[in-house]
Amino acid sequence: MSKLTILFLPVKMNTLSLSPAAVVPAFEPAGDKSQAAFLWTVLVMSVLALTALAFDIRRGKIPNLLTFSGLTAGLLAAALGWGTVSLPACLAGICLPFLVLWPLFVLRMMGAGDIKLLMALGAVTGYPGIARLFLWSVISGSVIALVRMFLAKSFGSRLGRFGAYVREALSQGRLAPYPGRADREARLPFAVPVFAGTVIYIFLSCLSRRA
């Protein structure tokens, strides 16, 4: 073998070396898998949000079977690589709603079923997806609540009730259960803004994938 051939050999071998981007498509159709995972995520989120909406409106509660099924589906998908998020992101998506919203449950401003619904959605969307979904849910709920108060002309009374609650909490130095949750007729089922937030989240996710 000539010296010229020996000098040329490393260049030739370097040229033949395959990058990960070139190898992966041969064994795993990344595009197809990504599309299937996204469709699976959208389907599970839609079923969770829509079913929870129906139960919360008709019965005033969200069944544990639904939320636990969503949690299990999200965890299995993340562990087996079926979904769009990793297992650590899935676990973070479950923990975030619990850590942020548990104080509201203690104050009786939010039901346990509402928190478990967001935890189930967090298992599917992961973090930071659940943070975006929750933000859209809060915005949707605020808009719906303001429209309802405006139509019922009850904005002043509700604002006064909340102000009295804050003053009492400051004067006593402790937080008591919020009395407004007992008003069943005026209460907005939490699954309503969560459903609206889920629809917005899915719509924006579809737009970002097409961009």
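Read-outs: derived from the displayed coordinates by stated rules, not from any lab. Quick caveat, the model's predicted, so the values are computed rather than measured. Neighbour counts run over all protein chains shown; Cβ positions are idealised from the backbone, glycine included.
What distance in nm separates the two pseudo spin-label positions at Lys61 and Leu135, each 7 Å out from Cα along the beta-carbon direction?
So the label points at Lys61 and Leu135 sit 3.4 nm apart.
Below 8 Å, C-alpha to C-alpha, sequence gap of six or more: please give me the relative contact order for the stretch 44-146 in percent.
31 percent
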